[in-house]
1. Hey, among the residues in segment B:40-63 that are touching a strand residue (DSSP E or B) at 6+ places or on another chain (Cβ under 6 Å) and acidic (Asp, Glu), which one's surrounded by the most Cβ atoms within 10 Å (Cβ to Cβ)?
2. In segment A:357-378, how many residues are more than 18 Å from A:VAL598 (Cα to Cα) and either among the charged types (D, E, K, R) or at pLDDT 95 or above (or both)?
3. Could you say which residue among A:ALA52, A:ALA28 is in contact with a helix residue (DSSP H, G or I) (Cβ under 8 Å, 6 or more places away or on another chain) and in contact (Cβ under 8 Å) with a residue 24 or more places away in the chain?
4. Kindly indicate whether B:ALA269 is touching a strand residue (DSSP E or B) at 6+ places or on another chain (Cβ under 6 Å) and among the aliphatic types (A, V, I, L, M).
5. Hey, among B:ALA295, B:ALA273, B:ALA291, which residue is crowded, with 16+ Cβ neighbours inside 10 Å, touching a Leu at 6+ places or on another chain (Cβ under 9 Å) and touching a residue at least 12 places away in the same chain (Cβ under 8 Å)?
6. Got a number for residues in segment A:386-412 being within 14 Å of chain B (Cβ to nearest Cβ) and buried (at least 17 other Cβ atoms within 10 Å of the Cβ)?
7. Could you list, ordered by first residue, the pairs with Cβ atoms under 6 Å in which the first is in segment A:419-440 and over 22 Å from A:SER479 (Cβ atoms) and the second is charged (D, E, K, R), at least 6 apart or interchain?
8. Give segment B:252-292 a look and list any residue that's assigned to a loop (DSSP other than H, G, I, E, B) and either within 22 Å of the chain's Cα centre (by Cα) or not basic (Lys, Arg) (or both), or say none.
Amino acid sequence: MAAWPKEPRLIGTKVPRLDGLAKASGKAKYPSDVRPEGTLFGVVLYSPHANATVKSIDTAAAEKMPGVKGIVVIAGQGKKLRFQGDDIAIVAAETEEQARDAVRAIKVDYEVLPHCVTESQSMDEKAPQVFDGGNVRKARAIVKGKPEEALEKADVVVEGTYSLPVITHVCLEPHGLTAQAEGSSKITAWASTQAVTVVAGELAGSFNISPADVTVLTEVMGGGFGSKFGADIWGRTAAELSKKCGGRPVKVFLDRAQEHLAAGNRPSATGHVKLGASKDGKLVAMIAETYGTGGVRGGSNFPLPYVYDLKNSSRAHAEVSVNAGGARAMRAPGHPQGCAIMEAALDDLAAKLGMDPVEIRVKNLAEVDNVRGGRQGETINRTPMYEAQLKLGAELIGWRDKYKPRGENGKGVVKRGLGVALHQWGGGGAADKQVSCTINPDGSVEIKSATQDIGTGARTILAMITAEVLGLKPTDIKSNIGNSTFPPGQSSGGSTTTPSMSPPCLAAATQARAAFFNKIAPALSTDAETLSLKDGQVWVNGEPTMSWKDACRKLGMASISETGKFADGLSSVGVGGCQFAEVEVDTETGVVRVKKIVAIQDSGLIIDKLTWESQVYGGVIGGLNYGLFEERVMDPTTGVMLNPDMELYKLAGASDIPEIIVRAYETEEMKNRGVIGVGEPPTIATAAAIANAVANAIGVRVPDWPMSPRNVLNALASKEGKA
Amino acid sequence: MKAFDYAAPTSVADALKLMEPPHTAALSGGTDLINRMKDYVSSPERVVYLKDIDALESIESSSKGVSIGAGATLAALLEHGEIKKTYPSLWKAAYEVATPQIRNMATVGGNLLQRPRCWYYRAGNGLLALKDGKSLVREGDNRFHAIFMTDGDALFVNPSSLAVPLIALGAKATILGPKGERTVPVAELYRVPKGSQERELTVQHGEILTKVVVPATHAKNASYEARHKQAHDWPLALASVALEMDGQKVGSARVVLGAVAPVPLRSEAAEKAIEGKALNHESATAAGDAAVKDAKPLSMNAYKVQLTKVAVKRALLAAVGDRYWEEG
């Protein structure tokens, strides 16, 4: 059975993305760049109202507009429109401009209904109902131990309300696909997706054909972050329009405003928290009442308590519906919210106790926090991992020299502060995926799987594993992914792509090597057992004997093709991590500048150190945006989003990015666990660590994210009793 | 966007003729108008592109001051040695506009005559954003809106960063129209609209802003901008000062505020507070306090009062080389 090599040549090194140059130079064709001959352009008409019913819809004038080839109505007469951005119709025309003009010519008579677009509007007793059955669905509290009793006995208790706004994914490439129907029996789609298989299944379902008759292609893609699993109504309608338009390809990609309005978001989170501890800083109880909104879709719950050991806790969460776009999975769904609220309360408690924030964290890790080891049934205790990570992170941020208790950070107007936060995630693999590996007589090697590269480097990682086994270079491998007709591959969610795909890839390459040895051994007048591969050579009994290419010629006319399956012991699940932030806060302007982030992350065996680090950098930058800038702003009166753009929806630019130090926690013990995904965990703790650093700098908690001048100045003013 | 006629004249005379019909818009760097057209906030029937007119681009300095063509890009302004040396308030304000890419396209005239960035206006609710007689701004999310002159209906803020130092420096704008040329102080390019039909700009239909002339000066001058992001962002408050010194004391002062009122706002209270005083932390703080005496913030923007105070204080101290906030 295949095992990871003990002394790898490639695994664990830094290998640039195989498609990096093409992406950086603009040569790579993203799905939204693909324009098959005869492409029609689709544009979506969406609701301008937060809550309305379609009284009537008339497309007659639009159909007669120049260039218009087809219109599909999604929300016909009597249909409810529940948020600004809810889909009404899609027009396909010869040019995008013609389609946009035609969309404006569709006459819709709306019955505009009262709306609620913010949590406070929705929670008002007299609020209009988003859905029948009430706007607030409060779940029963999850109780562990006796929290009320324990809290009464606690030496110190802090109480606070913390809140995080709704943010959106802001994928640089918008959602969409170009679909081409062949009659009613076949569809080809070029889709910007993180799940070619799911998109194929959805398109097949809406045409009532077999998924085998659908080909979904995602050569590269420009970001999904959890929001691009399906074909969506836009993609399904593109396919329908293609069929309607005699098989001409129809391209439907959203514009930036629709991306914000309708393509998903991270729900908001507000938590009223009571946290108690004994004098020595050991947590005794937590009582938390929380709520959040996932718009019209729900899904605002998040893990709390988080990471730390609490013998007594009570947690009640309420789901608040509002007339705004529905939430979708977003990079580590729920965790950044839970982490921010937990870590803020814990830091406030440490400040009240006069305790060092690192010390209080170490003190409150569970004695045993087991996650999976290398093989089924093996376990590993995460607590010593966290302790080692905190030690390393504290050294790298300079905690011992720089940390000062709250309110003791200098006399000038600009205060420096340090903060820390811990996180955790799963990141395990699925056991039913496959990779095929083909060795051709011309020496070329091709691997195939119906997975895709959401940006984690999947293509490069699979090529590295194959090259490792076959003694070749990663650039020698044709790494074919992003095609739904290939052997079943993993959808890119939950940080599962690499741990799902690496084991079958290793198996496929190892099986192909064995078959290759069996085939060529006679030609080399030796036994297969004497053969090995290294540096592009076939070695016999430890001597380089023949080049790879020459050896492949010995295959004659027949290629070798093997399909590898998942095997236990090659990947695992369950990671921890910690991040430290150093910030400067101008106490006169409330402007926060992050100076440095230290991110320590474990994720088992790392295949490509370069793309691994990129994932952590990207996660940190995403978390920095959440900490400092992002916020979906809804207008209570008109019910629309006020910043559906990339201007007043704020995101970091180059000059907002601090020094970021990334370190893998990769001990031998970790390597033995096998591969674990890293896409999500490094984005969890950043916003929490930044907020803690801000509180440390200015001596007062800023309870509302983002750490904007407005929120920081308001917190400072309330400290001085000026609020 | 709505289809439109397009013309790209190479002389001012041709441009004036082309600008004559109603519903015509002048296009320069395109960083404002194009977005408004895409969002159907503005739908001109004709667009006259002014960037092919070389005569509008020049920046010339003489003993009388510096003349800046309306078509000069912000990048060109920043590269001009005399501007950086004599008018650091203008240089700094220009430097903090948007991004290098936008500064390569955006022009001085376009910066002065861009329309407000109020998100209610940009969402198609009209300049004053009144609905059923009520102000959407007053009732809604006004975190970026005015803190001065808020008794009226115009609650947007003037978006021009360059107008603020130009007014402090006493610059004049030259406007060419069918009836000939007129020259006005930069402050008079703006007004507070009285009703929904009035624009906030005084430039009339068919007129073209051709240049601004900044007089020669020995005044110590500086700008300070408070903003959320370091990269590409709008000022939350901006102050420019120009100080004629009388020995160690401030003889006469000009203090102008940006991003806090529907027009760039001269603060006579701040000027009075600093005139006759030596410039130090105490007097600068007092001038900052005086500047916001008449501020009446809306429901969500009281923090801008603090930012305005600090912007005035820091601009004053920066004018005499004290950048205390950078010392950490």
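The values are calculated or read from the model by the stated rules, or taken from the named source; none is laboratory data. Bear in mind that the values here come from a model prediction, so they are computed numbers and not experimental data. Note that we place each Cβ from the backbone using ideal geometry, even for glycine, and neighbour counts take in every protein chain shown.
1. Step one: of segment B:40-63, the residues touching a strand residue (DSSP E or B) at 6+ places or on another chain (Cβ under 6 Å) are B:44, B:46-50, B:56-60.
Now drop any that are not acidic (Asp, Glu), which leaves B:57, B:60.
Values: B:GLU57: 19, B:GLU60: 13.
If we take residues in segment B:40-63 being touching a strand residue (DSSP E or B) at 6+ places or on another chain (Cβ under 6 Å) and acidic (Asp, Glu), then B:GLU57 is surrounded by the most Cβ atoms within 10 Å (Cβ to Cβ).
2. Of all residues in segment A:357-378, those more than 18 Å from A:VAL598 (Cα to Cα) come to A:360, A:363-378.
Now narrow it down to the ones that are either among the charged types (D, E, K, R) or at pLDDT 95 or above (or both): A:360, A:363-372, A:375, A:378.
Residues in segment A:357-378 being more than 18 Å from A:VAL598 (Cα to Cα) and either among the charged types (D, E, K, R) or at pLDDT 95 or above (or both): 13 in total.
3. On the way: A:ALA52 fails: in contact with a helix residue (DSSP H, G or I) (Cβ under 8 Å, 6 or more places away or on another chain).
On inspection, the qualifying residue turns out to be A:ALA28.
4. On the way: touching a strand residue (DSSP E or B) at 6+ places or on another chain (Cβ under 6 Å): no; among the aliphatic types (A, V, I, L, M): yes.
So B:ALA269 does not fit the description; no.
5. Numbers: B:ALA295 fails: touching a Leu at 6+ places or on another chain (Cβ under 9 Å); B:ALA273 fails: touching a Leu at 6+ places or on another chain (Cβ under 9 Å).
Just a single option satisfies the conditions, and that option is B:ALA291.
6. 1
7. As it stands, the answer is A:ALA421/A:GLU343; A:TRP425/A:GLU680, since those pairs meet every condition given.
8. Applying the first criterion (assigned to a loop (DSSP other than H, G, I, E, B)) to segment B:252-292 yields B:259-264, B:267, B:275-277, B:279-280, B:292.
Hits for segment B:252-292 are B:ALA259, B:VAL260, B:ALA261, B:PRO262, B:VAL263, B:PRO264, B:SER267, B:GLU275, B:GLY276, B:LEU279, B:ASN280, B:VAL292.
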